[in-house]
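I have placed the structure first, in the form of structure tokens, so that the comments after it can refer back to it.
The values are calculated or read from the model by the stated rules, or taken from the named source; none is laboratory data. What you see is a predicted model; the values in this text were computed from it and never measured. Glycine also receives a Cβ, built like all others from the backbone with ideal geometry; neighbour counts cover every protein chain displayed. Areas reflect the complete protein model, heavy atoms only, side chains present, ligands, DNA and RNA absent. Shrake-Rupley method; radii C 1.70, N 1.55, O 1.52, S 1.80 Å.
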Amino acid sequence: MYDKTMILFLTSSLVFLFLFNTCSSEKEGNIQEADAMEIHKKILTVDTHCDTPMMMAEGEYDMGELHVDGLERRGKIDLPRMKKGGLDAEFFAAFVGQGERTEQGYKKAKERADLLIKSVHDMCDKYPEMVSFATTPDDAYRLAEQGKIAAFLGLENGYPIGKDLALVEEFYNKGVRYITLCHSSDNDICDSSTDRREPEDNGLSEFGKKVVEECNRLGMMIDVSHVSDQTFFDVIQHSRAPVIASHSSVRSLCDHPRNFSDEMLKALAEKGGVIQICFVSSFVKEGESDPDRQKAIEELEEKYGDYSEIKDEEVRQKVREEFMEIYKKYPRPSASVEDMVDHIDYVKELIGVDYIGIGTDFDGGGSLEGCDDVSEMPKVTRELLKRGYTEEEIEKIWGGNLMRVFRKIIESSDSSK
């Protein structure tokens, strides 16, 4: 009888403790989520890189519409989802893939860049009650107070500049506020991190040095995402202003040439710059290779040849679409929000919280388990809060650091003197 009573007592106690702990955990989770949303709404939130203009320029992707689950061309970003996710400012990238380094190639690249830039201006003209074009940090804060989204412009790949230095100012006058010096292949400005057709890393070219100087003169941010290691250090040495990495991550956590080594991170901080941690899974977490996916990619290369050698933009677009279809058929396991925040932790520990930001690369490959589109951005804030980041630190990561660097670049330009 005694044993039976004790068993009942212990069982009841364990059930109570289980229910108490479960309720406590749920309550704690609800408090964290509420606190995260409160902080997220209060601070300025900035994403420094998305490739949505590639869809916008086609004329069939309406940024003012909510793209619900199941749509074939859903994308990761639209204005309603930006509002839901509490994102205040977005740098829309005018991305132009590297093509032939000839006068004809430069001309077509500039036409493509102009089309993408126009698509962002058109969005702002069509939905003035939701979004406005922005070119300064003050614009971002002013528009946030008005409850409007700030639309900034970046030029991803300096290829459309060709060899005409005057085009840097022309793009600046059209609203472009950063130039990613190169993309996945070498160009006339510099060498890329992922183009080793020539084993020698030649870094920044003589023309590239002039581009850096022109960006400094204008107050244009220089983006060192995608550049080779030698290019990075050349830019650090040659630029008189801080530089940014609009969408990159940490090489010590994920060994990819697109990511930054510890030495690069320290040099970036010493220059007063900022690294915007990327959401592309292959830059966040190393994954196992898929033989079927690799075979499909090799067959695509056999079909079209070397992507960097394709001159026709329509063919290049077709290759990109087929490449994305391969990844839909053979998906790569996604990195998680937790994996991405590991990179933020690492940078904070190595160089401090003042040199970290967020650049999703949504619609250019960016996607995390738990944060697959812009509407889910508060989950990043929640994870930061969960790990003990203060509101001040979270504000710095979400926009404060980037805007501080942006102001410094403008202040060091000739126009401010």
Problem set entry | Beta bridges per DSSP with both ends in the chain, % antiparallel, nearest 5 | 10
Seminar exercise, completed: Computed ³J(HN,Hα) along segment 175-189: with the Karplus parameters 6.51/-1.76/1.60, θ = phi - 60°, integer Hz and x for glycine or proline, the list is x, 5, 10, 8, 10, 6, 4, 8, 10, 7, 10, 5, 9, 6, 8
Seminar exercise, completed: Simple spin-label estimate for K329/N173, 7 Å along Cα→Cβ, in nm, reads 4.8
For this session: Sticking with the crude label model, points 7 Å out along Cα→Cβ, report the distance from D306 to K118 in nm, one decimal please.
Result: 3.3
Problem set entry | Quotient of C-alpha Rg and 2.2 N^0.38 Å, computed over segment 44-156 | 1.10
Exercise. Accessible surface of K163 in the full protein assembly, 1.4 angstrom probe, to the nearest 10 Å²?
Worked result: 130
Seminar exercise, completed: Applying the gyration tensor rule to the Cα atoms of the chain (axes a ≥ b ≥ c; rounded if a/c under 1.5, else prolate if a/b exceeds b/c, else oblate), the class is prolate
Problem set entry | Mean accessible surface per residue for segment 102-232, computed with a 1.4 Å probe while every protein chain stays in place, in Å² | 38
Seminar exercise, completed: Once amide hydrogens are built 1.01 Å from N within the peptide plane, the residues lying 5 or more places from V227 or on another chain with amide H under 5 Å from its amide H are S193
Exercise. What's the carbon and sulfur percent of the chain's accessible surface, probe 1.4 angstrom, rounded to a whole number?
Worked result: 51
Problem set entry | Pairwise label distance in nanometres, E349 with E299, each label 7 Å out on the Cα-Cβ vector | 4.3
Exercise. In whole angstrom, how far apart do the alpha carbon centroids of segment 53-117 and segment 339-407 sit?
Worked result: 22
Exercise. Counting each DSSP H run of 4 or more residues in the chain as -39500 (n - 2.57), what helix-only mean residue ellipticity at 222 nm follows after dividing by all residues, to the nearest 500 deg cm²/dmol?
Worked result: -15000 deg cm²/dmol
Exercise. Taking Cα atoms, how many degrees apart are the long axis of helix 337-351 and the longest axis of the chain, rounded to 10 and kept between 0 and 90?
Worked result: 70
For this session: May I ask you to give the solvent-accessible area per residue for segment 322-403, in square angstrom, as obtained with a 1.4 angstrom probe?
Result: 39
Problem set entry | Estimated FRET transfer efficiency (D414, K126; beta-carbon r; R0 35 Å; 0.05) | 0.50
Exercise. Going by a ≥ b ≥ c, the root eigenvalues of the Cα gyration tensor, does segment 240-381 fall in the rounded group (a/c under 1.5), the prolate group (a/b larger than b/c) or the oblate group?
Worked result: prolate
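In terms of solvent-accessible area of protein heavy atoms at a 1.4 angstrom probe, what is the ranking of E263, E100, E270, highest value first?
Working: E263 125, E100 80, E270 160 Å².
Most to least solvent-accessible, the answer reads E270, E263, E100.
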For this session: Using Cα positions and a limit of under 26 Å, work out the lysines in reach of K379, with same-chain residues fewer than 8 apart set aside.
Result: K27, K41, K42, K76, K83, K84, K148, K285, K328, K348, K396
Exercise. So, how do all the Cα-to-Cα distances of segment 330-411 break down into 5 Å bins, in percent, from 0 on up?
Worked result: 3, 13, 23, 24, 19, 11, 5, 2, 0, 0
Problem set entry | Amide hydrogen neighbours beyond the local backbone of I356, cut-off 5 Å, H modeled | I275
